[in-house]
Amino acid sequence: MVLPGNCSTSAALCMQFLTQLASVAIDQAYPVQPSHNPHEKLFVSYRSVPPPAPPTSASSAAVPIRFSSYSSVGSNIRGLNSATLHPGSIEPPLTPGNYRLYSMRYCPYAQRVLIYLAKKNIPVEVVNVNPDRSPNWYLAKSPIGRVPALEINGKVVWESNVIVEYLDELFPTNTVLPRDAFEKAHQKILVERLSPIMNALFEFYSSSNNQQAQRQNDMNVHSALRNAENLLRDSFYGGRQPGYADYLNWPFLERLQLLTMAQNSQFRYFPGLHYPKIGAYIARMQNLPEIKFSSRPLTHHKAYLDSFAMGMPNYDFGIYGKN
């Protein structure tokens, strides 16, 4: 089953995932890349459109805004590394007709939306919030403090998979999901069929670290990778070009290098010689501008995980140089 598309650190799946990851030892530097089911409890080009009319009522729908069709990837996104807002902070003003993404810099679900926004070059302001102890004004928008959430004209949408489909509907000129109904359904099916990768990883890090448990977990990961290898029948899961399934699964693949440092695991290289198609696929994805824009260095992920394990999650690691 596909995991819900959000992060909330106190109860979310991705947080247990992060807690276990924090025990991973990383002793060497890595190259810097440019910059609810039970499992949840773990871890830009368009046509120009007319500017929106002023909302006439509280029920006014979100509408696209005018912006350049020729901006470089990610250049329309502001605040990607803005400081995290905590309880007691003041809500930043949002100009009517502008889009805002509420995010957390290390949330894989928020990264899904960032990849989409960068690919489609939609002008958006990113506001990073503490998903474990959210400001009261944010809880009024996302009642349990989850990220990501997208706001325009007082309308808020959350869940990463819902947000990206919403963006495709608002900005259809370069839609990521296919227009053909069957192909669209197939991309959503692929996301479902690829979900064993996420499930196996969450199980891998939530279980005990003894050798017997690790062997079983390694078997689960290998099974998920074999499945992903068999499903990859072109350059991308979207075909000759990356698509919906690629963008929704990438944030989890990005973090998989951490597997190679897990004590007692047989993974020393990822994905390893047994999965040549996945290895080549990862290299292709890493070369995409929208992936480069949204990715963070592995050392930053590790530093965040360490801070979380100590009970003092540093959501702002990497913003101020040496932290």
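The set of residues in the stretch 132-167 that are outside any loop (DSSP other than H, G, I, E, B) and not aliphatic (A, V, I, L, M) comprises Asn136, Trp137, Tyr138, Glu151, Lys155, Trp158, Ser160, Asn161, Glu165, Tyr166. Residues in the stretch 286-304 that are open to solvent by less than 50 Å² (accessible area, probe 1.4 Å), among the basic types (Lys, Arg) and modelled with pLDDT of 90 or more: Arg296 alone. In the stretch 265-276, the count of residues that are under 16 Å from the mean Cα position of the chain (by Cα) and among the polar types (S, T, N, Q) is zero.
Could you name every one of the helices (runs of 4 or more DSSP H) located completely within the stretch 168-275 that has at least 1 residues being surrounded by fewer than 17 Cβ atoms within 10 Å (Cβ to Cβ) and not assigned by the TED database to the domain that holds Val157? Once the helices (runs of 4 or more DSSP H) in the stretch 168-275 are filtered for at least 1 residues that are surrounded by fewer than 17 Cβ atoms within 10 Å (Cβ to Cβ) and not assigned by the TED database to the domain that holds Val157, what remains is 181-206, 211-231. Taken over the stretch 305-318, the criterion of being modelled with pLDDT under 90 and aliphatic (A, V, I, L, M) is satisfied by Leu305, Ala309, Met310.
The values are calculated or read from the model by the stated rules, or taken from the named source; none is laboratory data. What you are looking at is a predicted structure, and each value in this text was computed from that prediction instead of being measured. All Cβ positions, glycine included, derive from the backbone under ideal geometry; neighbour counts span all protein chains shown. Heads up: the accessible areas ignore ligands, DNA and RNA and are worked out on the full protein's heavy atoms, side chains in. Shrake-Rupley method; radii C 1.70, N 1.55, O 1.52, S 1.80 Å.
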